[in-house]
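> Got a structure for you, questions after.
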Amino acid sequence: MPIQINKGVLGKEFPPFAVTVERGKVKEFARAIGDLNPLYLDDRVGAASEWGDLIAPPTFAITFRDEGADTNALLRELGTDISRVLHGEQEFEIHRPLQPGQTYLCRAKVVDIYEKTGKSGPMAFVVRETAITDRDNEVVATMRAVTVVRL
């Protein structure tokens, strides 16, 4: 039996959370994705660069987590569970590279909910946008994630 998505979640803002980028994690992530760019891995190359230190690969922010958050809270609010969910899409808009030693504030919000019918039946698409800001409250990067819910 199809479920209904609670569209009242549209506009929901999640509590902000801080993330401090660790040098070792930047290097580990770069190796894990197979990107051996010396700007991500070599401290001397980073120090000599225009940024004065290593930079993180553009998709590094995917690792940012609110360790204190209930990861299933949004699903419950939508009226669904993990068995109906697929990761649909991820997008990164980078205004300035993330760097080790810096602490960033992440603010996530549900910015769109829409439905479509595909070959496998009706689906809802939940779009979350996370603004990542520096200590001066300037946006450094924006992440957009689309979660697909089978209805």
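The values are calculated or read from the model by the stated rules, or taken from the named source; none is laboratory data. Treat the numbers as computed from the prediction; the structure is a model and nothing was measured. Please note: Cβ atoms are built from the backbone with ideal geometry, for glycine as well, and neighbour counts cover all protein chains shown.
> Determine which single condition Ala61 fails, assuming it passes every other condition in (1) over 14 Å from the mean Cα position of the chain (by Cα); (2) aliphatic (A, V, I, L, M); (3) closer than 15 Å to Arg128 by Cβ; (4) surrounded by 13 or more Cβ atoms within 10 Å (Cβ to Cβ).
Unmet condition: (1).
> May I ask you to say which residue of Ala18, Ala30 is in contact with a helix residue (DSSP H, G or I) (Cβ under 7 Å, 6 or more places away or on another chain) and either in contact (Cβ under 8 Å) with a residue 60 or more places away in the chain or buried (at least 16 other Cβ atoms within 10 Å of the Cβ) (or both)? Lay out the reasoning, then the answer.
Details: Ala18 fails: in contact with a helix residue (DSSP H, G or I) (Cβ under 7 Å, 6 or more places away or on another chain).
On inspection, the qualifying residue turns out to be Ala30.
> Take the residues in segment 1-15 that are in contact (Cβ under 8 Å) with a residue 12 or more places away in the chain and among the hydrophobic types (A, V, I, L, M, F, W, C), then tell me which one is nearest to Gly68 (Cα to Cα).
Looking at the filtered set, the residue picked out is Phe14.
> Right, next: Residue check: is Leu39 modelled with pLDDT of 95 or more and assigned to a helix (DSSP H, G or I)? Working first, answer last.
Working: modelled with pLDDT of 95 or more: yes; assigned to a helix (DSSP H, G or I): yes.
Judged against the criteria, Leu39 is a match.
> While we're on this one: Return a yes/no flag: does segment 125-135 have any residue that is at pLDDT 95 or above, loosely packed, with under 13 Cβ neighbours inside 10 Å, touching a Ser or Thr at 6+ places or on another chain (Cβ under 9 Å) and among the basic types (Lys, Arg). Please lay out each step first, then the result.
Initially, segment 125-135 is screened for residues at pLDDT 95 or above, giving 125-135.
Those still in the list that are loosely packed, with under 13 Cβ neighbours inside 10 Å too: 135.
Then drop every residue that is not touching a Ser or Thr at 6+ places or on another chain (Cβ under 9 Å), which leaves 135.
From what is left, the residues that are among the basic types (Lys, Arg) are 135.
Scanning segment 125-135, I find at least one residue that is at pLDDT 95 or above, loosely packed, with under 13 Cβ neighbours inside 10 Å, touching a Ser or Thr at 6+ places or on another chain (Cβ under 9 Å) and among the basic types (Lys, Arg), so the answer is yes.
> If only one of Arg44, Arg96 is of a type in the set (Lys, Arg), farther than 28 Å from Lys109 by Cβ and surrounded by fewer than 16 Cβ atoms within 10 Å (Cβ to Cβ), which one is it? Please lay out each step first, then the result.
Values: Arg96 fails: farther than 28 Å from Lys109 by Cβ.
Result of the check over Arg44, Arg96: Arg44.
> Still on this structure: Would you confirm whether or not segment 2-16 contains a residue that is under 19 Å from Gln102 (Cβ atoms) and either of a type in the set (S, T, N, Q) or not in a loop (DSSP other than H, G, I, E, B) (or both)?
For segment 2-16, residues under 19 Å from Gln102 (Cβ atoms) and either of a type in the set (S, T, N, Q) or not in a loop (DSSP other than H, G, I, E, B) (or both): absent.
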